[in-house]
Amino acid sequence: MLQEVRGTKDILPNSIASWQYLEENIRIVTNRFGYKELRTPIFENTEVFSRSIGDNTDIVNKEMYTFEDRGGNSLTLRPEMTAALVRSVIQNGLTAQGAIARLWYFGPFFRYERPQKGRYRQFHQFGAECLSSPYPESDVETILLACGLTKQLGIKNFKLQLNSLGNKISRQNFQDDLVKFLNSKKMILSDESKFRLEKNPLRVLDSKDQRDIDATLEAPSILEFLDEESSLHFGTVKLLLNQVGIDYVINPRLVRGLDYYSHTVFEFQSSALGSQDAFGGGGRYNDLFEQLGGKATPAVGFAMGVERLLLILEASKLLPENEAGVDAYIITFDSNNNGLVLSLSDKLRNAGFSVKTDISRKSFKSQMKDANNSNAKFAIILGDNEIERNVVQVKNMQSGEQKEVNIENILKFMEI
Ligand code: AMP
């Protein structure tokens with residue numbers, strides 16, 4: 001039997017209600033913040049990602065689905081959105097003359113990772129990006145939006161971790177000092193971290209390997225290297241977060257994997273998830289526009305893992321319990337009447353009701369069962385006797401009450 005590709009998942013009809021519930025709430029919250037949706041293609045020229053995310057990151061090194069098309073172009077299935085979004089914003093001039101752009105997205109992303117609970121090769125992200133403002137207000141607005149979604153969904157048991165990577169100068173000074181420190185501990189670092197020390201030293205602080213955690217206990221802190229501009233930015237972000245009442249924990253070890261971040265970085269973690277406990281993350285990326293050939297444009301944003309949000313909602317019993325049923329299920333004793341059944345269903349649907357009918361020529365009893373299983377509010381019964389008299393029997397499936405209704409009055413009756 002043919003199977004789905006490892007690390008990918010069908011979203012089956014019995015779980016689609018949860019996805020749609022989440023998507024609906026995302027639309028509600030982004031709308032409240034005045035963000036507009038942007039949809040870009042699933043694949044991009046490879047350069048979009050290799051020039052932005054960083055050659056020495058796991059994503060670019062090991063995880064991209066890159067292929068050559070028949071014309072010999074190198075294409076990549078998008079592993080994340082920010083770079084693709086910035087490509088589109090530059091191309092379409094959405095931030096021309098320094099205009100603020102507030103954008104959100106939802107869709108599938110692709111990374112060749114080792115699949116496990118909460119980690120897939122095709123996964124989905126929701127994210128929001130606020131472009132053109134260098135001010136901490138925009139950092140806080142995006143964090144408020146992310147928290148607005150958790151609030152809307154009722155998610156409470158999470159932690160917001162916060163750090164600053166400072167501007168380029170602060171980061172370079174920190175990196176030089178960190179490399180010195182790590183070299184003195186090189187013998188006890190994991191192999192992975194020895195490699196990272198050469199290629200992307202900040203990432204050593206991110207390692208979950210106990211040897212690396214022990215070795216870096218006394219590592220220098222980025223926060224001691226922030227220059228005046230960087231300190232001021234970070235200080236104002238914290239102040240504004242305090243003023244809006246958002247709790248956070250400062251984690252000087254939070255570096256996030258990608259090269260394009262500067263200043264504020266943050267991550268959302270939930271204890272409802274297993275080892276993959278991050279359900280969202282983001283930060284400021286003031287240099288990305290230039291890296292992708294655009295005009296310097298300050299920007300900040302975040303991405304949340306949709307599958308992980310759904311895992312949290314499920315574990316915390318926050319998903320709506322009952323699937324919405326249909327308004328009516330039309331039942332007849334004799335399949336010869338199915339023409340009438342179909343035209344009545346059409347009339348009701350045109351008036352805005354959801355209607356199901358039997359298309360398997362089942363017995364009356366089975367149709368009644370289907371009506372029940374479809375969570376129908378009403379069963380509308382069309383028997384020969386009723387047809388002759390131009391009436392239908394309408395059974396309220398919840399109360400069990402049954403009424404005869406003239407077929408001309410059915411719409412009025414349903415509307416009550
Ligand atoms: P990142 O772009 O790596 O910061 O990812 C942002 C969020 O997307 C993470 O916090 C996760 O919730 C989610 N995510 C990232 N990679 C995966 C994956 N392979 N499978 C499922 N969710 C993921």
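Where a number appears in this text, it was derived from the coordinates with a stated rule and is not lab data. This structure is a prediction, so every number in the text was calculated from the model and none was measured. FYI the Cβ positions are ideal-geometry reconstructions off the backbone, even for glycines, and counts take in every protein chain you see.
Under 21 Å between alpha carbons, and skipping anything fewer than 8 positions from Lys168 in its own chain: which lysines qualify?
Lys180, Lys199, Lys238, Lys295
For Phe195 and Lys317, what is the calculated FRET efficiency with R₀ set at 56 Å and r taken between the beta-carbons, to the nearest 0.05?
0.85
Check Leu226: other-chain or 5+ apart residues with amide H under 5 Å from its amide H, H built from backbone geometry?
Here the answer is none, since no amide H 5 or more places off falls under 5 Å of that of Leu226.
Toward the positive end of the charge dipole of segment 68-115, about the Cα centre and with charges on Cβ (Lys, Arg +1; Asp, Glu -1), which of Ala83, Phe106, Gly72 goes farthest?
The listed residue farthest towards the positive side: Phe106.
Can you classify segment 164-273 as rounded, prolate or oblate using the Cα gyration tensor, where a ≥ b ≥ c are the square roots of its eigenvalues, rounded means a/c under 1.5, and otherwise it's prolate if a/b beats b/c and oblate if not?
Note, shape of segment 164-273 comes out oblate.
Using θ = phi - 60° and the Karplus form 6.51 cos²θ - 1.76 cosθ + 1.60, what ³J(HN,Hα) does each residue of segment 306-317 get, whole Hz, x for Gly and Pro?
For segment 306-317, the Karplus-derived couplings read 5, 4, 6, 4, 5, 4, 5, 4, 5, 4, 8, 6 Hz, x marking Gly and Pro.
Net charge near Asn375, counting Lys/Arg +1 and Asp/Glu -1 over other residues with Cβ under 15 Å of its Cβ?
Net of charged neighbours comes to 0.
Working from Cα positions, state the angle (0 to 90°, nearest 10) between the long axis of helix 168-184 and the longest principal axis of the chain.
Around 70 degrees separate the two axes.
How far is helix 13-32 tilted off the main Cα axis of the chain, in degrees rounded to 10, range 0 to 90?
For 13-32 against the chain, the angle is about 60 degrees.
Just tell me which lysines come within less than 22 Å, Cα to Cα, of Lys362; anything on the same chain fewer than 8 places away is out.
Lys377, Lys395
What net charge is computed for the residues neighbouring Ala272, neighbours being all others with C-beta under 14 Å from the C-beta of Ala272, Lys and Arg scored +1, Asp and Glu -1?
Its environment carries a net charge of +2.
List the aspartates and glutamates whose alpha-carbon lies under 14 Å from that of Lys156, not counting same-chain residues fewer than 8 positions away?
Correct list for Lys156: Asp247, Glu314.
Which residues does a label at Tyr135 reach in segment 234-256, if reach means a backbone N under 19 Å from a point 7 Å past the Cα toward the Cβ?
Output list for this probe position: 234-245.
I'd like the FRET efficiency for Asp334 and Ile11, computed as 1/(1 + (r/R0)^6) with the beta carbon distance as r and R0 of 30 Å, rounded to 0.05.
Given R0 = 30 Å and the Cβ-Cβ separation, E is 0.20.
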